[in-house]
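Everything below concerns the one structure shown next.
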Amino acid sequence: MPFIKEKFETYSEFANASLVDIYGEKLKSSYESTVTELQSIVLINKGNLVFEKHVLPVSGQTIPILDCAIADLNQDGYEDIIAVGNIYETEVETPRLDALSGVILLSNGNDGYISVPYQDSGLFMNGNVKSVELITNANNETLLLNTTNNGPLGVHKISS
């Protein structure tokens, strides 16, 4: 934030400043909220307004999850997740968020998900990936479609 450089002459001054010192009195009338969960999670609807929380593995924490597709990818009777997301359009002082474009998370059938490494899944989505959708074509093949900002539609065949 360029105004900080103008307001504080040294790093030490900035480090020792309060939020009111930095942003001024307008901070007192700003919206305030409390964050209680910083992990990416899945909530399983058990019915009757009861949800079961599952924390995603590390690979599910390294990308901004913008969309996901749900399917039983390994035919074990449990729903798996294909999560996608990249954010190139960040603020000037923030690097783009593009550690991975997508990740496959297989349900362990009990209490969480196991990440499938790229080398095993073969799933690679290049670019500023925003959304994903599973479809079945006329040949009864399952296809994974993904969109990217200013890029082509990605099409991936899902093998059983």
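The values are calculated or read from the model by the stated rules, or taken from the named source; none is laboratory data. Because the structure is a prediction, the values reported are computed rather than measured. Because the Cβ atoms are built from the backbone with ideal geometry, glycine has one as well, and the counts that use them run over all protein chains shown. Protein only, heavy atoms only, side chains kept; ligands, DNA and RNA dropped before computing areas. Shrake-Rupley method; radii C 1.70, N 1.55, O 1.52, S 1.80 Å.
Of the residues 43, 19, 62, the one whose Cα sits farthest toward the positive end of the charge dipole of segment 1-141, with +1 on the Cβ of Lys and Arg and -1 on the Cβ of Asp and Glu, is 19. Each Lys and Arg contributes +1 and each Asp and Glu -1, all at the Cβ; summed about the Cα centre of segment 1-139, the dipole is approximately 160 debye. Assuming R0 = 30 Å, what is the FRET efficiency of residue 70 and residue 4, from their Cβ-Cβ distance, to the nearest 0.05? The computed FRET efficiency comes out at 0.10. The portion of the accessible surface of the chain made up by carbon and sulfur, rounded to a whole percent, is 53 (1.4 Å probe; DNA, RNA and ligands excluded).
Pairs spanning more than 30 Å between alpha-carbon atoms, out of 7/28; 5/26; 53/130; 26/130: 26/130. A Cβ-based charge dipole, computed about the Cα centre of segment 43-101 with Lys and Arg at +1 and Asp and Glu at -1, lands at about 200 debye.
The H on the amide N of residue 73, modeled in the peptide plane, is under 5 Å from the matching H of 80, each at least 5 residues off or on a different chain. Sorting the segments 50-59, 35-44, 127-136 by their mean number of nearby beta carbons within 10 angstrom, highest to lowest, gives 127-136, 50-59, 35-44.
Distance between the 7 Å Cα→Cβ label points at residue 40 and residue 99: 0.8 nm. Take the Kirkwood radius over Cα pairs of segment 8-50, plug it into Stokes-Einstein at 10 °C and 1.306 mPa s, and you get 109 µm²/s for translational diffusion. Each label point was placed 7 Å from the Cα along the Cα-to-Cβ direction; for residue 33 and residue 19 their separation is 1.3 nm. Per residue, the solvent-accessible area of the chain (1.4 Å probe, heavy atoms of protein chains only, all protein chains present) comes to 70 Å².
Note on the chain: Cα-only Rg and Dmax are 20.9, 66 Å. With a Förster radius of 35 Å applied to the C-beta separation of residue 126 and residue 92, the computed FRET efficiency comes to 0.90. Measuring between their Cα centroids, segment 12-62 and segment 110-160 lie 29 Å from each other.
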